Amino acid sequence: MSVLRAGLVAGLAATAGLTVILSGCGDVDLRWALPTADELAMADSGPGQRRTPDTASLWRGRIVAVTECVGCHRMYRPGEYTPGQWGALARRMGKRASLSRQQIADLEAYLAEASRYVRAREHPQE
Ligand code: HEC
């Protein structure tokens with residue numbers, strides 16, 4: 001291995017270590033808190049290449065979340081629950097907020113997709 005290459009590898013290792021230290025203390029990077037529909041639509045689907053809900057649904061679901069889900073309590077972030085957990089939560093809370101079936105479906109799509117996106121970035125090793 002050349003000296004240049006060894007230096008590059010050491011530099012990458014140091015950067016990776018620093019990233020782990022910076023992201024490993026439980027603090028949430030607010031840039032990922034409520035990703036936009038466009039961010040979600042453009043994100044790499046990753047392993048499994050799941051079907052991505054259509055962008056219009058994600059867009060509407062995000063608006064439902066920020067307008068209808070803050071009346072009774074703080075804004076829960078998508079990353080606080082797993083994509084699977086959001087399904088039941090969106091339906092239970094959707095009834096409380098008197099949402100239509102379409103709004104609940106959009107909300108569920110957004111929260112599940114945003115959770116997947118945020119969690120992949122908060123815990124890249126998982
Ligand atoms: C549709 C948007 C929306 C979302 C998403 C949402 N809420 Fe809640 N939410 C509650 C209450 C009360 C709790 C406390 C736990 C419980 O009673 O089930 C709660 C708890 C939660 C929790 C914590 C998990 C849990 O099981 O307790 C989440 C997440 C949540 N709500 C998400 C009243 C509301 C009301 C008031 C009418 C509205 C509107 C509301 N919630 C709208 C929403």
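The values are calculated or read from the model by the stated rules, or taken from the named source; none is laboratory data. Please read all numbers here as calculations on a predicted model, not as lab measurements. We place every Cβ from the backbone using ideal geometry, glycine too, and count neighbours over all the protein chains shown.
Numbers for the structure displayed
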read-out: Residues within region 71-85 that are near the ligand (Cβ under 8 Å from one of its atoms) and surrounded by 11 or more Cβ atoms within 10 Å (Cβ to Cβ), tallied; value: 3
read-out: Helices (runs of 4 or more DSSP H) fully within region 1-107 counting 1 or more residues that are at pLDDT 95 or above and farther than 19 Å from GLU122 by Cβ; value: 55-68, 83-96
read-out: Residue count for region 87-102, restricted to those that are surrounded by 12 or more Cβ atoms within 10 Å (Cβ to Cβ) and within 8 Å of the ligand (Cβ to nearest atom); value: 6
read-out: Scope region 108-126; condition at pLDDT below 95 and among the hydroxyl-bearing types (Ser, Thr, Tyr); matching residues; value: SER115, TYR117
